1. Quick one: which residue in Gly270, Gly279 is within 12 Å of the ligand (Cβ to nearest atom) and in the same structural domain as Cys122 (by TED's automatic domain parsing)?
2. For Ala187, state whether it is among the hydrophobic types (A, V, I, L, M, F, W, C), within 16 Å of the ligand (Cβ to nearest atom) and modelled with pLDDT of 95 or more.
3. Has segment 165-173 got at least one residue that is within 16 Å of the ligand (Cβ to nearest atom) and closer than 23 Å to Arg296 by Cα?
4. In segment 81-124, what residues are under 17 Å from Pro262 (Cα atoms) and of a type in the set (D, E, K, R)?
5. Would you confirm, using the coordinates I've provided, whether Gly272 is farther than 27 Å from Gln98 by Cβ and either in a loop (DSSP other than H, G, I, E, B) or touching a residue at least 60 places away in the same chain (Cβ under 8 Å) (or both)?
6. All but one of (1) free of Cβ contacts under 8 Å to residues at least 24 places away in the same chain; (2) closer than 22 Å to Phe108 by Cα; (3) more than 30 Å from the chain's Cα centre (by Cα) hold for Gln213; state the number of the condition that does not hold.
7. Would you pick out the residues in segment 202-253 that are in a strand (DSSP E or B) and more than 10 Å from the ligand (Cβ to nearest atom)?
8. Just checking, how many residues over segment 254-267 are surrounded by fewer than 18 Cβ atoms within 10 Å (Cβ to Cβ) and either within 16 Å of the ligand (Cβ to nearest atom) or part of a loop (DSSP other than H, G, I, E, B) (or both)?
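The values are calculated or read from the model by the stated rules, or taken from the named source; none is laboratory data. All of these numbers come straight from a predicted model, not from anything done at the bench. Glycine also receives a Cβ, built like all others from the backbone with ideal geometry; neighbour counts cover every protein chain displayed.
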Amino acid sequence: MGWKKFGPLGPTLDPKIVETSPWVRWKYNSIDNDIRGEDKIMYLNDYRRLLLGLLLLSIVCSVAGCAGPKKTATELSPPLTARPFTDPVTNMEFAFVQGGCFQMGNTFGDGEPDEKPVHEVCVGDFYLGKYEVTQEQWQTVMGSNPSQFKGYGSNYPVEMVSWDDVQEFISRLNQKSGKRFRLPTEAEWEYAARSGGKREKWPGTSREGKLGQYAWYDENSAGRTHRVGEKRPNGLGLYDMTGNVWEWCSDWYGENYYQSSPRNNPEGPGSGSYKVLRGGSWSPYPRDVRAAFRLRNAPTYRGDSSGFRLGVSAR
Ligand SMILES: [Ca+2]
């Protein structure tokens, strides 16, 4: 057939091999019949080099990744699953809260006017910190400890932090963690406090005689905070949802908000002068450490009974 052993792009196949290989002969015969001689040899060399190039490219891309735009820290973080997880930056532990619908507000008929009317609310799946944020965790992210009750130990809840301070904490933590931590909404908080929307007066129990097993409050706190997680958790494994420190929520406070609250994932009024705190603290009487009780304070307010825990959406 007059083939050359060496084409212009280097050694080519031995003519004997080419002529005796059915696959190569098929590829050769599939070339336009007008291509002859050196053109055919160049075509086969180019074809082999193209295959080799594609193979090398696929190997490099599988190792280094070379397709698509550069990914952000959030996109690179592993997806959350419906299981507890621990944030590696702060060692903060989160419980999974499966969403659902519940009766929110004054379900026992002895609450404050702003707990009325009782209304049905539905929340989606989310995660909530098992514990109040501690002084050590605040120190890790912010580099300082503003708490009034320090010196007892690192696992005490941080206090003397305003709602605005907490937003700065969240912003810095999210930059480090690549996640989207946030404060829970008031509805999410109450749903979780009621052990998943149950008719519980206090988070974990409806019997006042057992309240001391779940809460640090006026009758047993000795006038100060205590190490997080020392009392019994509620039905979702969340500690200190009643007592120890008040917990900031994301919502603006609306005294009459329950009269017009949307049913699904309410987020509070669009604006206001005060932010909501929930759960009571080491200071109040049993009435004010109930699951439905609502406190309000200016977003700049710092108090030695005001702290928080973080949430994060499941999606
Ligand atoms: Ca608390």
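1. Values: Gly270 fails: within 12 Å of the ligand (Cβ to nearest atom).
Matching residue, one of Gly270, Gly279: Gly279.
2. No; evaluated as a whole, the condition is false for this residue.
3. yes
4. Answer for segment 81-124, where residues must be under 17 Å from Pro262 (Cα atoms) and of a type in the set (D, E, K, R): Asp114, Glu115, Lys116, Glu120.
5. Yes: the conditions hold for Gly272.
6. Gln213 satisfies all of (1) free of Cβ contacts under 8 Å to residues at least 24 places away in the same chain; (2) closer than 22 Å to Phe108 by Cα; (3) more than 30 Å from the chain's Cα centre (by Cα) except (3).
7. Result: Trp202, Thr205, Trp248, Cys249, Ser250, Asp251, Trp252.
8. Kept after step one, since they are surrounded by fewer than 18 Cβ atoms within 10 Å (Cβ to Cβ), are these residues of segment 254-267: 255-256, 259-260, 262-265, 267.
Pick out the ones that are also either within 16 Å of the ligand (Cβ to nearest atom) or part of a loop (DSSP other than H, G, I, E, B) (or both) and you get 255-256, 260, 262-263, 265, 267.
Number of matching residues: 7.
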